[in-house]
Amino acid sequence: MTKVALVVGHNARSQGAVRQTDGRTEYDWCGDLAAAISACAPGMYEVFRRPAGRPYSAEIRETYAAVDAKGAAASVELHFNGGPTSASGAETLTSGSKGSRRLAGLIQPAMVQALGLRDRGIIVRARNDRGGLSLHAGRTPAVLLEPYFGSNPTDCAAADRHYAALVQGIHKACVAYINGA
């Protein structure tokens, strides 16, 4: 049984935002992040990638059906934000369910502490809001992470400099969630 599903944001065809400093996409960077988190506790995590070539809603539903089929206790979808170069900080999106809020409440402060960036908070998203379908498509409590802005060179530098701390922070928050903290 998978305890925590790590879902890599976007897909091979539509790779999401691009880091201003090195041109890496969300899909590429978050794939590495998922692998690093998973390596912290082999057997605790399973990495899921959204399939390309399907309509967006079908892609999300298919991915989260696979997460549910594995019996995951929680899912964490990995992203980074895009936007103006002045935008900065870490945020966590939640469905608002009890489990999703609890997981978000563990991960958000861990990301802020790891990266030293502005705390943009925990944001509840409805199913039809941007990013909301990922939070509501499955049965398992889900969060969507945006630890920094790839459009902001200072945020990118913080993510690079504190990458190991980010990995450990997310991992420890997931362990705390599984252990009932």
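Dipole size in debye (nearest 20) for the chain around its Cα centre, Lys and Arg Cβ +1, Asp and Glu Cβ -1?
Dipole of the chain, to the nearest 20 debye: 480 debye.
Excluding Arg120 itself, what net charge comes from residues whose Cβ is under 9 Å from its Cβ, given Lys and Arg +1 and Asp and Glu -1?
Cβ neighbours under 9 Å give a net charge of -2.
Which one, Ala165, Thr154, Val143, is farthest towards the positive end of the dipole of the stretch 120-181 when Lys and Arg carry +1 and Asp and Glu -1 on their Cβ?
It is Val143.
Net charge near Ser95, counting Lys/Arg +1 and Asp/Glu -1 over other residues with Cβ under 9 Å of its Cβ?
+3
Check His79: other-chain or 5+ apart residues with amide H under 5 Å from its amide H, H built from backbone geometry?
Leu145
Just to check, using Stokes-Einstein with a Kirkwood Rh over alpha carbon pairs, what's the diffusion coefficient of the stretch 27-80 at 10 °C and 1.306 mPa s in µm²/s?
131
What does the charge count near Gly131 come to, summing +1 for each Lys or Arg and -1 for each Asp or Glu among other residues with Cβ under 9 Å from its Cβ?
Value of the local net charge: -1.
Non-local amide H neighbours of Ala142 (under 5 Å, H modeled in plane, Pro and chain starts lacking H): which ones?
Counting only residues 5 or more places away or on other chains, the set is Ser75, Ser95, Ser100.
Can you tell me the order of 5-15, 161-171 when each peptide is scored by its average per-residue count of other Cβ atoms within 10 angstrom, highest first?
The densest-packed peptide leads the list: 5-15, 161-171.
When the Karplus curve 6.51 cos²θ - 1.76 cosθ + 1.60 is applied with θ = phi - 60°, which whole-Hz ³J(HN,Hα) does each residue of the stretch 104-110 get, with x for Gly and Pro?
The phi angles translate into 4, x, 8, 6, 4, x, 5 Hz.
Just Tyr27, Tyr148, Tyr56 to compare: in a GNM of the chain, with alpha carbon springs under 10 Å, which one fluctuates most?
The residue that fluctuates most here is Tyr56.
Please compute the contact order of the stretch 4-178 in relative form: average sequence separation of alpha-carbon pairs under 8 Å and at least six residues apart, divided by the residue count, as a percent.
Relative contact order, the stretch 4-178: 28 percent.
Got a sec? How would Asp32, Asp155, Asp22 order by Cβ neighbour count within 10 Å, fewest to most?
Exposure proxy ranking, most exposed first: Asp22, Asp32, Asp155.
Starting from the amide H of Phe48, placed 1.01 Å from N in the peptide plane, find each other amide H under 5 Å away whose residue is 5 or more places distant or on another chain.
Counting only residues 5 or more places away or on other chains, the set is Leu6, Val7, Val8.
Per residue of the stretch 55-70, in order, report the coupling 6.51 cos²θ - 1.76 cosθ + 1.60 (Karplus, θ = phi - 60°) as ³J(HN,Hα) in whole Hz, putting x for Gly and Pro.
x, 3, 5, 5, 4, 5, 4, 5, 5, 6, 5, 5, 4, 4, 4, 7
May I ask you to compute the full-extension gain from Asn179 to Asp129, defined as 0.36 nm times their residue separation minus their alpha-carbon distance, rounded to one decimal in nm?
The Asn179-Asp129 span can extend by a further 14.9 nm.
We did not get these values from a lab; they are worked out from the coordinates using the rules stated. Here the structure is a predicted model, which means the values were calculated and not measured. Reconstructed Cβ throughout: ideal geometry from the backbone, glycine too, with neighbour counts over all protein chains shown.
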